[in-house]
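So the structure is just underneath, and the comments pick up after that.
The values are calculated or read from the model by the stated rules, or taken from the named source; none is laboratory data. None of the values given here were measured: they were computed from a predicted structure. Here the Cβ positions follow ideal geometry from the backbone for every residue, glycine too, while neighbour counts run over all protein chains shown.
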Amino acid sequence: MPLEVLLRFAIGFKNRTRLSVLLSLVFFIAGCGTMPVFMDRASLADTIVHQAGFSKEYLKSGAFTLLTYQRFNKHSDKIVIYIEGDGKAWENRHQLSDDPTPSNPLALKLAALDFGRNIAYIARPGQFSQSGFPDCEATYWSNRRYSSEVVESMDRAVNVLKEKSGTKSVELIGYSGGGAIAVLIAARRNDLVSLRTVAGNLNTSLFCVYHHVSRLDGSLNPLDSAKKIARIPQRHFIGLKDTVIPSSIAVSFVKMAGDQNDERITMVDGVLHNDGWEKRWKSLLSTPLR
C-alpha cells in the first residue's frame, strides 16, 4: 500500500492507540523515504527558531499555503521579512527533487539571529508542507519557481505579516533564490524601505548560462526589475568562495540599476554559498545601505 494512502487511512482513526500503532507502521514502511526526511527537516526548522521566540503559522496565500515564522513587538514601525532560498529543488543535475524543503534553511537561521523588534520568515511553495508532502506541482520549485503566481503568493503573505505586526513599512532579506523573489516583490510594492540579498540569484538568465542549464521558462527574471527598484536602499552580499552564485550575477544587476561602481555589492571573504554566513550575519546587518 502506498505511503500516502496509509497516511490518509491513519487520519481516519479516532482511537489514539490504534492511530499510534498505524503511524509507527507507516514510518517503518517509509524507511528512509520522504516522510522521515521531511520530519527531520521540519523538526530542524522548529528547533532553530524555538529559542529565538518565534511562533509558527501556515498562511493560505493565493495559490499556495506557505509556512511562516513570526516574532512581533509592536513598538516599531517596520517589519523585517526573510525569504528562503530554493531549498532542495534538485537531487542532482538531472533529477528533480520530490520535496524542495531545505536541509539547511539558511534564511531561517539568519532570521533567528536578527534581534529586531518585528521579524518574520516565509518559506517557498512546496517547502515544509503541513502534510509532509509538497502541496503544489513540482514546476513551482523548478522552471516556474519565480513565476508571477509564486511572486503574487509571496507578496500577499508579506501583506498579511505586515498587517499582523501593525507596522507601516517593510524590509526584505532574501537568500539565494529568495533574493530573486525579494526583488520581484519589491517591484510590486511602495512601502519597502530596504532590500538585502544574500548570495542572491539576481539574474536568472545569466545564472542558467553560467551553469549550462536550460532557461527557467515561466519564471520572471529579477534583472528586469533592477531599474524599477533602483530608488530603494539596498545591499547585495556575495561570498568570494561562492561557486553557485558568482559575483558577475550581482554585478550585472546593480549595473542595470545604474550602479556602475558596484557600490551596492559587498563581497564577503571566506563564505561559500550556504556556509559561513551565520558567523558574519550580525556584522553584515550593520553594513550601510546604498
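From the list GLY132, GLY126, GLY53, the one residue that fits, being touching a Lys or Arg at 6+ places or on another chain (Cβ under 6 Å) and at positive phi, is GLY53.
Being out of contact with any helix residue (DSSP H, G or I) (no Cβ under 9 Å at 6 or more places or on another chain), at pLDDT 95 or above and closer than 19 Å to ASP114 by Cα is a property that holds for LYS279.
Any chance segment 46-53 includes a residue that's at pLDDT 90 or above and either part of a loop (DSSP other than H, G, I, E, B) or in contact with a helix residue (DSSP H, G or I) (Cβ under 7 Å, 6 or more places away or on another chain) (or both)? Scanning segment 46-53, I find at least one residue that is at pLDDT 90 or above and either part of a loop (DSSP other than H, G, I, E, B) or in contact with a helix residue (DSSP H, G or I) (Cβ under 7 Å, 6 or more places away or on another chain) (or both), so the answer is yes. Inspect all residues belonging to segment 84-91 and state whether any of them is more than 11 Å from the chain's Cα centre (by Cα), modelled with pLDDT of 95 or more and not charged (D, E, K, R). No. Please determine, by comparing only the residues of segment 116-138 that are of a type in the set (A, V, I, L, M, F, W, C), assigned to a loop (DSSP other than H, G, I, E, B) and touching a strand residue (DSSP E or B) at 6+ places or on another chain (Cβ under 9 Å), which one is nearest to ASP86 (Cα to Cα). Restricting to residues being of a type in the set (A, V, I, L, M, F, W, C), assigned to a loop (DSSP other than H, G, I, E, B) and touching a strand residue (DSSP E or B) at 6+ places or on another chain (Cβ under 9 Å), the top hit is ALA123. Across segment 161-182, the qualifying residues are those that are out of contact with any strand residue (DSSP E or B) (no Cβ under 6 Å at 6 or more places or on another chain) and in contact (Cβ under 8 Å) with a residue 60 or more places away in the chain, and the one among them that is nearest to SER55 (Cα to Cα) is LYS164. Checked against the criterion of being under 30 Å from LYS164 (Cα atoms), surrounded by fewer than 18 Cβ atoms within 10 Å (Cβ to Cβ), at pLDDT 95 or above and not charged (D, E, K, R), the candidates TYR69, TYR58 yield just one match: TYR58. Confirm whether SER225 is assigned by TED's automatic domain parsing to the domain that holds VAL80 and free of Cβ contacts under 8 Å to residues at least 60 places away in the same chain. The answer is yes for SER225.
Residue by residue, here is whether (1) of a type outside the set (Asp, Glu); (2) under 24 Å from ALA199 (Cβ atoms); (3) modelled with pLDDT of 85 or more holds:
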residue	(1), (2), (3)
ARG16	yes, no, no
LEU22	yes, no, no
LEU44	yes, yes, yes
ASP98	no, no, yes
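Pull up segment 90-130, narrow it to residues that are among the small types (Gly, Ala, Ser) and within 30 Å of SER283 (Cβ to Cβ), then point me to the one that is surrounded by the fewest Cβ atoms within 10 Å (Cβ to Cβ). That would be SER103.
Residues of segment 228-241 that are farther than 12 Å from ASN201 by Cα and either touching a residue at least 24 places away in the same chain (Cβ under 8 Å) or outside the structural domain of VAL170 (by TED's automatic domain parsing) (or both): LYS228, ILE229, ALA230, ILE232, PRO233, GLN234, ARG235, GLY239, LEU240, LYS241.
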